[in-house]
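FYI, it's all coordinate maths here, none of it is from the lab. All of these numbers come straight from a predicted model, not from anything done at the bench. Backbone-built Cβ (ideal geometry, glycine too); neighbour counts: all protein chains shown.
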Amino acid sequence: MKKILCVVAVISLFLCSFASANESVIEKIEKRGVIRVGMSTFVPWAMKDKKGRLVGFEIDVAKKLAQDMGVKVEFVPTAWSGIIPALLTGKFDVIIGGMGITPRRNLKVNFTIPYEYSGMSIVASRARAK
């Protein structure tokens with residue numbers, strides 16, 4: 001069985017509870033002027049450069065999302081083991097990171113369409129395989 005890791009942005013189903021009854025999460029972000037992005041370092045997708053700045057594809061995705069929304073981006077570094085609970089409690093608005101889509105996770109959060117797929121592979125020496 002092939003196990004697939006999807007790199008996605010994750011948005012909480014429960015975020016609507018953090019906005020007023022008539023205000024969507026997107027409206028709240030626009031009003032605040034900042035999208036708060038939960039993230040964990042995961043080389044090479046999100047990491048710090050020699051000067052301590054966040055770099056990588058996921059960082060670029062977050063910056064582009066903020067730019068497209070006309071807001072600033074605030075990164076909220078979070079331990080991977082607690083990233084979904086932190087999202088559900090409103091510590092940030094979205095997770096942008098590599099996360100396998102599982103039925104259990106999908107019951108708690110919404111996933112975007114994956115922008116990358118990764119699977120398990122076996123690599124062997126052709127010379128040694130004879």
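Using amide H atoms built 1.01 Å from N in the peptide plane, name the residues 5+ places from residue 101, or on other chains, whose amide H lies under 5 Å from its own.
Residues meeting the amide H criterion: 6.
Do any of 72/108; 50/91; 28/64 go past 24 Å between their Cα atoms, and which?
As for pairs spanning more than 24 Å Cα to Cα, those are 72/108; 50/91.
Sort the range 25-100 into rounded, prolate or oblate with this rule: let a ≥ b ≥ c be the square roots of the eigenvalues of the Cα gyration tensor; rounded if a/c is under 1.5, and if a/c is not under 1.5, prolate when a/b is larger than b/c, oblate otherwise.
Values: a/c = 2.01, a/b = 1.23, b/c = 1.63.
Verdict is oblate for the range 25-100.
What FRET efficiency would be calculated for the residue pair residue 72, residue 104, taking the C-beta separation as r and a Förster radius of 35 Å, to the nearest 0.05?
0.60
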